[in-house]
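Input: a single structure, listed below in structure tokens.
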Amino acid sequence: MTSSLSRRPHLLPTPEGLIGRIGPFWDDAAVAVVPEDARPGAWAGGPSALLVDGVWWLAYRLRRPLGQGRGYANVVARSDDGVAFEQVLRISRDEFGAESLERPALVHTPDGRWRLYVSCATPGTKHWRVDLLEADSVEGLGSARPETVLPGSAAAGWKDPVVRESGGRWYLWASVHPLDDPGATDRMTTEHATSDDGRRWTHEGTALAGTPGSWDARGVRFATVLLGPDGPDDPATWALYDGRASAEENWEERTGLARATGAGGRFAAEPGGPLLSSPHARGGLRYADAVPLPDGTTRWFYEATRADGAHELRTVLLPS
């Protein structure tokens, strides 16, 4: 069984190719998942996508408006074409004792097992942690016992991980929120960690922080990382990230581009952002993920704001 995780480094799209197709990124996209509640603050999004043995797998988060449930479920769905998905697994926040769930990260390991990294909000606090489910099948994840792998701390909440494996080494980028100011916990940086097994992580430092005075000054969150053949420090490695300038833009982040600097998993933001945004409301387009394909195309998935203020999960196939 072949893991799409291990194939990513060899089928790398270029950021220049994406920059040249910003119009089709939105105009040619199809809706893969609609929110179950069509109101502002109701979302289907936060996608994490894989193609394994010809089957598409998509993990995502469902959310209700603030004060009415927040992130109430993570779903894993399958598809034959990458557009029409059928739910296979649905897990609720109650199963984790969480006040809310955020974007999951779906991983198919080199030895053929399945992992789901789940972002969990600690009730009554601004703290987040990441739990891991692991099983022999996607269906088996539903009965797997959660294991906390990124506990965070009293000083910081960790969530929304992007997880990659390359050459037997595991790499992770997570959104980290400082908790020193209860009124400003929406601030965020992207922190980098490494691991031998994808369970025990070593924090390596800040991968990307916001640029003062810019569109991403308030916070940055990696959405996807496209690894070059030599891993995070390969000059060909790049990422898309979510950014916002103010607390008022929370939940309506837009998408920017960052390139690896060649130093310990660090990245530098490309000037002139944001790169991608929705034409509706405040322009929210975030959590973009990519699956490069053998024929030289790339299937993209992303969460975007609709005209009614709700968020839907969209997908588009573009040349790499």
Members of region 202-230 found to be under 18 Å from E102 (Cβ atoms) and either open to solvent by 30 Å² or more (accessible area, probe 1.4 Å) or among the aliphatic types (A, V, I, L, M) (or both), listed by number: R218, V220, A223, V225
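So which residues in region 280-320 are among the hydroxyl-bearing types (S, T, Y), touching a residue at least 60 places away in the same chain (Cβ under 8 Å) and open to solvent by less than 10 Å² (accessible area, probe 1.4 Å)? Give the derivation first.
Taking region 280-320 first, the residues among the hydroxyl-bearing types (S, T, Y) are 287, 297-298, 302, 305, 315, 320.
Remaining after also requiring touching a residue at least 60 places away in the same chain (Cβ under 8 Å): 287, 298, 302, 315, 320.
Scanning region 280-320 gives Y287, T298, Y302, T315.
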Given the condition open to solvent by 10 Å² or more (accessible area, probe 1.4 Å) and within 16 Å of the chain's Cα centre (by Cα), answer yes or no: does some residue in region 237-249 qualify? no
Being more than 20 Å from P178 (Cβ to Cβ) and within 18 Å of the chain's Cα centre (by Cα) is true for just one of L208, L257. Which residue is that? L257
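Please determine, by comparing only the residues of region 167-186 that are buried (at least 20 other Cβ atoms within 10 Å of the Cβ) and closer than 20 Å to V220 by Cβ, which one is farthest from the chain's Cα centre (by Cα).
H177
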Please enumerate the residues belonging to region 131-156 that are polar (S, T, N, Q) and over 17 Å from L101 (Cα atoms). S137, S143, S153
Pairing a residue in region 186-199 that is more than 21 Å from E249 (Cα to Cα) with any residue that is assigned to a strand (DSSP E or B) and of a type in the set (F, W, Y), where Cβ atoms lie under 6 Å and the two sit 6 or more apart in sequence or on different chains, gives H192/W173; T194/Y171; S195/W170; G198/W170
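If you take the residues in region 200-214 that are in contact (Cβ under 8 Å) with a residue 60 or more places away in the chain and aliphatic (A, V, I, L, M), which one is nearest to D131 (Cα to Cα)? Explain how you work it out, then say what you get.
Step one: filter region 200-214 for residues in contact (Cβ under 8 Å) with a residue 60 or more places away in the chain, giving 204-208.
Retained after the next criterion (residues that are aliphatic (A, V, I, L, M)): 207-208.
Values: A207: 22, L208: 23 Å.
The residue in question is A207.
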Being within 30 Å of G272 (Cα to Cα) and out of contact with any helix residue (DSSP H, G or I) (no Cβ under 6 Å at 6 or more places or on another chain) narrows it down to one residue among A209, A155; which is it? A209
Report yes if some residue within region 251-265 is surrounded by fewer than 18 Cβ atoms within 10 Å (Cβ to Cβ), in contact (Cβ under 8 Å) with a residue 24 or more places away in the chain, part of a strand (DSSP E or B) and not hydroxyl-bearing (S, T, Y); otherwise report no. yes
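The values are calculated or read from the model by the stated rules, or taken from the named source; none is laboratory data. Because the structure is a prediction, the values reported are computed rather than measured. Note: ideal-geometry Cβ built from the backbone for every residue, glycine included; neighbour counts use all protein chains shown. The accessibility values were calculated without ligands, DNA or RNA, using every heavy atom of the protein model including side chains. Shrake-Rupley method; radii C 1.70, N 1.55, O 1.52, S 1.80 Å.
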